[in-house]
Amino acid sequence: MAILDILEFPDPRLRTRAKPITDVTDHTRTLIDDMFETMYAAPGIGLAATQVDVHERLLVIDVSEDRSEPLVFINPEVEILDPELGEYDEGCLSVPGFYETVNRPRRVRVTALDRNGESFTRELEGLLAICLQHEIDHLDGKLFVDYISPLKRQRIRKKLEKDQRRRA
């Protein structure tokens, strides 16, 4: 397994729309393992393939405290079950150090493939539902900063660009 580089906002590659995975292969499973290792090391609770510069519809999540509930979603499709929105302070491994309030549906149903290419459907709520929607946004080329004001987004962008220049 390997720890992968996580792209940071405002990297334009984060705006790439991911393509569906047609075959779940050993290469796919290796990527899944690498993504989990990367996510846990960061540390985070979700990671989309787009964030590691792989533009395929794949994401991993583990919202458990002890990293005991790893979930894989390949080609996820979401249906909103409850239009009531929940307010959550979201952060992102691609926007390090920033948290902003985002409103998202509290309950969703997802249909996806697992790491073996088997289809499943599951109803999610709370943090898991929010995390799934956040990661699917990545697959669609969106970031949580797209939900905040342009002024806040610009401040975050400038601060991250400054940090990136300093590290370079």
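Kindly list the residues of the range 48-87 that lie in the label zone of Ala41, defined by a backbone N under 15 Å from the point 7 Å along the Cα-to-C-beta vector.
Answer for the range 48-87: 52-53.
For the chain, give the percent of accessible area contributed by carbon and sulfur heavy atoms, probe 1.4 Å, rounded to a whole number. Please list the in-between numbers first.
Working: 4300 of 9040 Å².
C and S fraction of accessible area: 48 percent.
Output ³J(HN,Hα) for the range 100-111: one whole-Hz value per residue in order, computed from phi by the Karplus curve 6.51 cos²θ - 1.76 cosθ + 1.60 with θ = phi - 60°, and x for Gly and Pro.
9, 6, 10, 9, 9, x, 7, 10, 9, 10, 10, 10
Considering amide H positions built from the backbone, and no H for Pro or chain starts, which residues 5 or more places from Leu58, or on another chain, come under 5 Å of its amide H?
Ala49, Thr50, Asn75
Any idea of the accessible area per residue across the range 12-167, 1.4 Å probe, to the nearest Å²? Walk me through the numbers before you get to the answer.
Values: 8260 Å² over 156 residues.
With the other protein chains kept in place, the range 12-167 gives 53 Å² per residue.
About its Cα centre, how strong a charge dipole does the chain have in debye, to the nearest 20, once Lys and Arg get +1 and Asp and Glu get -1 at the Cβ?
With only Lys, Arg, Asp and Glu charged at Cβ, the dipole is about 1040 debye.
Dipole magnitude of the range 1-84 about its Cα centre, charges +1 at Lys/Arg Cβ and -1 at Asp/Glu Cβ only, in debye to the nearest 20?
In total the dipole reaches around 400 debye.
Given H placed on each backbone N at 1.01 Å, which residues far from Gly86 in sequence or on other chains put an amide H within less than 5 Å of it?
Correct list: Arg104, Arg106.
For Glu65 and Asp146, FRET efficiency with R0 = 22 Å and r from the beta-carbon atoms, rounded to 0.05?
0.15
Within 10 Å of each candidate Cβ there may be at most 14 other Cβ atoms; applying that plus a DSSP loop requirement, which trypsin sites (Lys or Arg not before Pro) in the range 25-128 survive?
The qualifying sites are Arg67.
When a/c is below 1.5 the answer is rounded, else prolate if a/b is larger than b/c, else oblate, so apply that to the range 1-148 with a ≥ b ≥ c taken from the square roots of the Cα gyration tensor eigenvalues. Walk me through the numbers on the way to the answer.
Numbers: a/c = 1.42, a/b = 1.12, b/c = 1.27.
It is rounded, given that a/c, with a ≥ b ≥ c, falls under 1.5.
The values are calculated or read from the model by the stated rules, or taken from the named source; none is laboratory data. For clarity, every value in this text was computed on a predicted model and none was experimentally measured. Neighbour counts are summed over all protein chains in view; Cβ atoms, including those assigned to glycine, are modelled from backbone coordinates with ideal geometry. Only protein heavy atoms, including side chains, enter the accessible area calculation; ligands, DNA and RNA are left aside. Shrake-Rupley method; radii C 1.70, N 1.55, O 1.52, S 1.80 Å.
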